[in-house]
Number of protein chains: 2
Amino acid sequence: MSNYQAPVKEMLFAVKELAGLADVNRLPAFADATPDLVEAILDEAAQLAADVIAPTNTIGDEKGTHIEDGRVRVPAEFAAAYREFTAGGWGGIAQSAEAGGQGLPYLVGLAVEEMWQSANLAWSLCPLLSQGAARAIEDHGDEVLRALLLGPMVEGRWTGTMNLTEPQAGSDLGAVRTLARPDGDAYRITGQKIYITWGDHDMTENVIHLVLARVEGAPEGVKGLSLFAVPKRLINADGSSGELNGVRPISVEHKLGIHGSPTCVMAYESALGYLVGELNRGLACMFTMMNHARLGVGLEGVAISERSYQDALAYARDRVQGYAPGHQGRVSIIHHPDVRRMLLAMKSHIEAMRAVAYVTGACLDHAHHHPDADSRARYQARVDLLTPVVKGWCTETAQSLTSLGMQVHGGMGYVEETGAAQHYRDARITTIYEGTTGIQANDFVGRKILRDGGHALQTLIADIRAVDADLARHGDALGTIRGGLADGCDQLAAAASWLLTSYDRDTSIPGAVAYSLLMLAGTVAGGWQMARAAVAASDRLAADADDREFYEAKIITARFFAEQIMPVAVAYRQAIESGSDTVMALSEDQF
Amino acid sequence: MSNYQAPVKEMLFAVKELAGLADVNRLPAFADATPDLVEAILDEAAQLAADVIAPTNTIGDEKGTHIEDGRVRVPAEFAAAYREFTAGGWGGIAQSAEAGGQGLPYLVGLAVEEMWQSANLAWSLCPLLSQGAARAIEDHGDEVLRALLLGPMVEGRWTGTMNLTEPQAGSDLGAVRTLARPDGDAYRITGQKIYITWGDHDMTENVIHLVLARVEGAPEGVKGLSLFAVPKRLINADGSSGELNGVRPISVEHKLGIHGSPTCVMAYESALGYLVGELNRGLACMFTMMNHARLGVGLEGVAISERSYQDALAYARDRVQGYAPGHQGRVSIIHHPDVRRMLLAMKSHIEAMRAVAYVTGACLDHAHHHPDADSRARYQARVDLLTPVVKGWCTETAQSLTSLGMQVHGGMGYVEETGAAQHYRDARITTIYEGTTGIQANDFVGRKILRDGGHALQTLIADIRAVDADLARHGDALGTIRGGLADGCDQLAAAASWLLTSYDRDTSIPGAVAYSLLMLAGTVAGGWQMARAAVAASDRLAADADDREFYEAKIITARFFAEQIMPVAVAYRQAIESGSDTVMALSEDQF
């Protein structure tokens, strides 16, 4: 098992050349975020990830978490890593300066976050959720609540959680039953929540739970849900943590992977809670948190695939087995064409996925901080459109990539000690939590395409098509990539147009085609970024830049994507255009 | 977690309508294997699988295996199930009557074997390997060896193993170093073998190891390998098991799945062994065993997907969540279009995979027992061609199907207690052992296509195309299926013809395109069988058969395959026709 080294050069390429760091840097809010500063930050983060966090990954998988004396214990190594992490101020890197953060662009926060996720996915969920919770409080909490909670949360002295799911209410949040009873200025929360990531632990003195609950007498369904901040320990007048509140972990789940992340069943018994935002507007508040979290989980797909790739690559360079054309004697397996195919499928997908995630992150920065309101709205529409794509496509792809990572190891991959299997197990949660792929797909088709008549998607397609001129500039050298992208675009445009003209034929159509359209959009978006990468690399080579091998590899990797990945676009389109008749035809008994 | 019930009706449909049981029954060797008898056998096997074997599945996963006093211990429940299994004579169901078996067709053996595999994959590996070992001894052992070993092995009193791999010799068997030193009529074997499935256990009194080793002074590489039968306990003159031989398990692997199957490192120290077959022809003897085993492992892909499907289906019928078009109030999730899509992807693939595996099994019966030598050769060519397809395509597909099985469960799928994750973990070994998918793909392209100039493949394609007339007979009702199959055939034919005319342009081409061609062939073969199933079902419906719902479901499921699965054929073809330039272009450092 090799250790993790953050691919800083790849990340910088994506941040600068594809996600447009210079444009983000031009936003007044991020005038300090110069390329030099960002490079220094990534280097520093890479060191922390490699030296401090990555070594805890196997430990967490093997030791797991458990409940002792009614409280969750995580491996001691996790707490040590978390201390170094908060001491460096990493928890607040992309939080606003007003909230006590570093005020750096979300784009930079994403690149850094990818490192923690690669280093130890289970551990990284704690800061991920804490940042989301802090952001929800900053955006929706009143002044008193912000003053009470934000400082320690952004600092990392307290962590945060997101409490939505109940046994009968998973994807269907309208079924939430947890009750909130008014008690003076505050509320008393009673109910049970499940699947609460990092719901309890012994790394910090306090945990702030954001809890969806229904105030007595509120309407049925999602329109009667409010959001509450419920501290694990009551907060004293001086801001310190005091007595335990009426909330406790009942059990931790025995899961396929992310063993180091305690997934708790939480019991609330008259727990003191503070309303966050308006009454009965809890879901909207939660969505602030959830959209960031969805982008973050999409990024997990990139991060875990990257770590799996690094292990597979190290093994392929090291393992000697068999003979290969053009080589004398036995060779390391990286010389076998089929092993190269697997490694290239990983490498090209990872670069494509990373670029799509980072580009979406940069759009979020513009959406929040662009001086012009129209521009903000335009960027926000792009973020809204791409968030389910990043979440759905990157995490689904991560399943096959971490599987390839094992496959490269052969029999060794199936033996747990190698570590390849852990990535495969860890990755499997990413298509499930923060909304399953089915939920992302329905969001994409329903809210992001049909609701605006396909406008945001058509704008995206036009932007993708605009790359054609750049590709053409480089002539035959990028001809395959150009052809692949044009074909992918045609498939996406045709499928979208079919959907827009056919969806009202049958109410089942959007749901039946949603998954394929989401995967098609992800594939084309990935090809778009790979094409842009090939153009940028070709420009560098034409300008006689150093590091020719790096830029040449970029072009080859983009060509692989065009040749071997993009062709699946036509298959998705055909599946979409078959509509919903067959999908809906079987009776329940005929399955 | 629901218990497993063998899908006997589906199996009988595949055995009779697709694999042609009646034709097999017409072979003199199988005159007794009437449809009625086969149906009775499947019913009996289904009961044993459900009542006795399936309940041990979770137990094996949780308890695993360990070494105690130098010997491997498996869960006591396994031994109890094994006793009932052997008492019923199931171990020898498809072994020849001369060897003490039931002498039933291999086709029937496959259907029954699928049940054990679904019921408990880890457990089923013990009889699978024992049968393979017995077959190798029957085919290649001399009379003395057959008399000594076959009886107890076929009876199931002794089990068998397959010892190929060494730390430096995995896919590359030429690197095997285990030594055999002549000692009288026998040999003394010394060396270490790894990944030995059921290498030791406490279910039977003896274990017969088939071991690849090199006699002192033999040529380098695979041409110096011989095969030896090495008993765990020496065999007394009266045929009983005596003292321990010089072979012992050193450790059992800690694996991602199949925890109930002991994967052993075996140490041989001057262990007494008997030569099986001719000196230095060990690999050829081993291949007898391996080809059966590969078909058996391909079937595992079907079996584990089937069990995963049954669990997902039960959950989807039971779990109430959200609203669906056309339904009042909350619905069980089987009514959501995206859940139906997932279930249909599982159902249609499983039926296609099962049919391809059974059809190959029937060909094997004809290849061994057809009275006409030319026919035998023709059937053998089909078996040779389809064996890597069954192994490679069914096991690769099982990865995505068992993943879908988890996905249908949502968050519950990630919790180990649900059981869905075990199928996913168990399935993951199937693309690795008995030759990785890469090895299958190279075998398919190199030995099965290029070596005969594509003749066997073109014969297959012609057979597939011949179904078109049957489809046309049913007019528009099967129009989508007809179009899908014709298109898939075109892609396969084009890709094969590209390969045959291009492979000698670059020595890397066969290896670079092999995976995609194998998957393309599997997809088209699956579509072929689904189309045949739709024709058979339509014929039944036209003849006013009972059970209309079953036959209508067959047609709908075949249409789903044509609409949503077959379109990927064009993507594989495009990937193939991109050749090897890009795959080979990166230097080792550029990855």
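The values are calculated or read from the model by the stated rules, or taken from the named source; none is laboratory data. All values reported here derive from a predicted model rather than from experimental measurement. Counting neighbours? That spans all protein chains shown, and the Cβs are built from the backbone with ideal geometry, glycine included. The accessibility values were calculated without ligands, DNA or RNA, using every heavy atom of the protein model including side chains. Shrake-Rupley method; radii C 1.70, N 1.55, O 1.52, S 1.80 Å.
Filtered by the rule that a residue be under 15 Å from residue B:145 (Cα atoms) and in contact with a helix residue (DSSP H, G or I) (Cβ under 6 Å, 6 or more places away or on another chain), the range B:209-234 gives B:210, B:227. Once the range A:83-99 is narrowed to residues that are among the hydrophobic types (A, V, I, L, M, F, W, C) and in a loop (DSSP other than H, G, I, E, B), the residue that is surrounded by the fewest Cβ atoms within 10 Å (Cβ to Cβ) is A:97. Any residue at all in the range A:435-455 that's open to solvent by less than 30 Å² (accessible area, probe 1.4 Å), in contact with a His (Cβ under 9 Å, 6 or more places away or on another chain), more than 30 Å from residue A:313 (Cβ to Cβ) and not β-branched (Val, Ile, Thr)? Checked the range A:435-455: at least one residue is open to solvent by less than 30 Å² (accessible area, probe 1.4 Å), in contact with a His (Cβ under 9 Å, 6 or more places away or on another chain), more than 30 Å from residue A:313 (Cβ to Cβ) and not β-branched (Val, Ile, Thr). When we screen A:191, A:221, A:151 for residues that are in contact (Cβ under 8 Å) with a residue 40 or more places away in the chain and within 26 Å of residue A:109 (Cβ to Cβ), the only hit is A:151.
Considering (1) surrounded by fewer than 24 Cβ atoms within 10 Å (Cβ to Cβ); (2) under 29 Å from residue B:442 (Cβ atoms), the lone condition that residue B:198 does not fulfil carries the number (1). Residue B:74 satisfies every condition listed in (1) touching a His at 6+ places or on another chain (Cβ under 7 Å); (2) within 25 Å of residue B:276 (Cβ to Cβ); (3) at pLDDT 95 or above except (2).
Evaluation of residue A:266 against the conditions (1) under 27 Å from residue A:85 (Cα atoms); (2) modelled with pLDDT under 95 shows that the sole unmet condition is (2).
Quick check on the range A:32-46. Is at least one of its residues open to solvent by less than 10 Å² (accessible area, probe 1.4 Å), hydrophobic (A, V, I, L, M, F, W, C) and under 18 Å from residue A:125 (Cβ atoms)?
yes
Considering the conditions (1) crowded, with 20+ Cβ neighbours inside 10 Å; (2) among the acidic types (Asp, Glu); (3) in contact with a Phe, Trp or Tyr (Cβ under 9 Å, 6 or more places away or on another chain), residue B:426 is excluded by exactly one of them, (3). When residue B:186 is tested against (1) small (Gly, Ala, Ser); (2) within 24 Å of the chain's Cα centre (by Cα); (3) surrounded by fewer than 24 Cβ atoms within 10 Å (Cβ to Cβ); (4) more than 14 Å from every other protein chain (Cβ to nearest Cβ), only condition (2) is not met.
Of the residues making up the range A:252-269, none is part of a helix (DSSP H, G or I) and under 28 Å from residue A:119 (Cα atoms). Might you let me know whether the range B:474-481 holds any residue that is charged (D, E, K, R) and touching a helix residue (DSSP H, G or I) at 6+ places or on another chain (Cβ under 9 Å)? No: the range B:474-481 contains no residue that is charged (D, E, K, R) and touching a helix residue (DSSP H, G or I) at 6+ places or on another chain (Cβ under 9 Å).
Could you please tell me which pairs satisfy a Cβ distance under 9 Å, a separation of 6+ or placement on different chains, a first residue in the range B:319-339 that is more than 8 Å from chain A (Cβ to nearest Cβ) and of a type in the set (Val, Ile, Thr), and a second residue that is in a loop (DSSP other than H, G, I, E, B) and surrounded by fewer than 16 Cβ atoms within 10 Å (Cβ to Cβ)? Taking only residues 6 or more apart or on different chains, the pairs are B:331/B:323. Checked against (1) more than 14 Å from every other protein chain (Cβ to nearest Cβ); (2) open to solvent by 20 Å² or more (accessible area, probe 1.4 Å); (3) in a strand (DSSP E or B), residue B:208 meets all criteria but (2). For the range A:131-172, filtered to residues that are surrounded by fewer than 24 Cβ atoms within 10 Å (Cβ to Cβ) and among the polar types (S, T, N, Q), the residue that is nearest to residue A:99 (Cα to Cα) is A:165. Taking residue A:380, is it free of Cβ contacts under 8 Å to residues at least 40 places away in the same chain, under 15 Å from residue A:308 (Cβ atoms) and open to solvent by 10 Å² or more (accessible area, probe 1.4 Å)? Against the criterion (free of Cβ contacts under 8 Å to residues at least 40 places away in the same chain, under 15 Å from residue A:308 (Cβ atoms) and open to solvent by 10 Å² or more (accessible area, probe 1.4 Å)), residue A:380 does not qualify.
Checking each residue of the range A:353-362 against the condition of being of a type outside the set (D, E, K, R) and within 14 Å of another protein chain (Cβ to nearest Cβ) gives no match.
All conditions but one from (1) open to solvent by less than 10 Å² (accessible area, probe 1.4 Å); (2) more than 14 Å from chain B (Cβ to nearest Cβ) apply to residue A:346; the one that does not is (2). Of all residues in the range B:281-305, those that are in contact (Cβ under 8 Å) with a residue 24 or more places away in the chain have Cβ atoms under 7 Å from Cβ atoms of residues that are open to solvent by 10 Å² or more (accessible area, probe 1.4 Å) and assigned to a loop (DSSP other than H, G, I, E, B), 6 or more apart or on another chain, in B:285/B:277; B:286/B:164; B:290/B:434; B:293/B:434; B:294/B:434; B:294/B:435; B:297/B:433; B:297/B:434.
Take residue B:103 and tell me if it is touching a residue at least 60 places away in the same chain (Cβ under 8 Å), outside any helix (DSSP H, G or I) and at positive phi.
yes
Considering (1) over 30 Å from residue A:222 (Cα atoms); (2) assigned to a helix (DSSP H, G or I), the lone condition that residue B:371 does not fulfil carries the number (2). Taking the options B:225, B:256, name whichever one is on the phi < 0 side of the Ramachandran plot, away from chain A (no Cβ under 14 Å) and surrounded by 17 or more Cβ atoms within 10 Å (Cβ to Cβ). Result: B:225 is the single residue among B:225, B:256 that is on the phi < 0 side of the Ramachandran plot, away from chain A (no Cβ under 14 Å) and surrounded by 17 or more Cβ atoms within 10 Å (Cβ to Cβ). Please verify whether residue A:177 is over 29 Å from residue A:20 (Cα atoms), away from every other protein chain (no Cβ under 14 Å), charged (D, E, K, R) and surrounded by fewer than 24 Cβ atoms within 10 Å (Cβ to Cβ), treating the condition exactly as stated. The answer is no for residue A:177.
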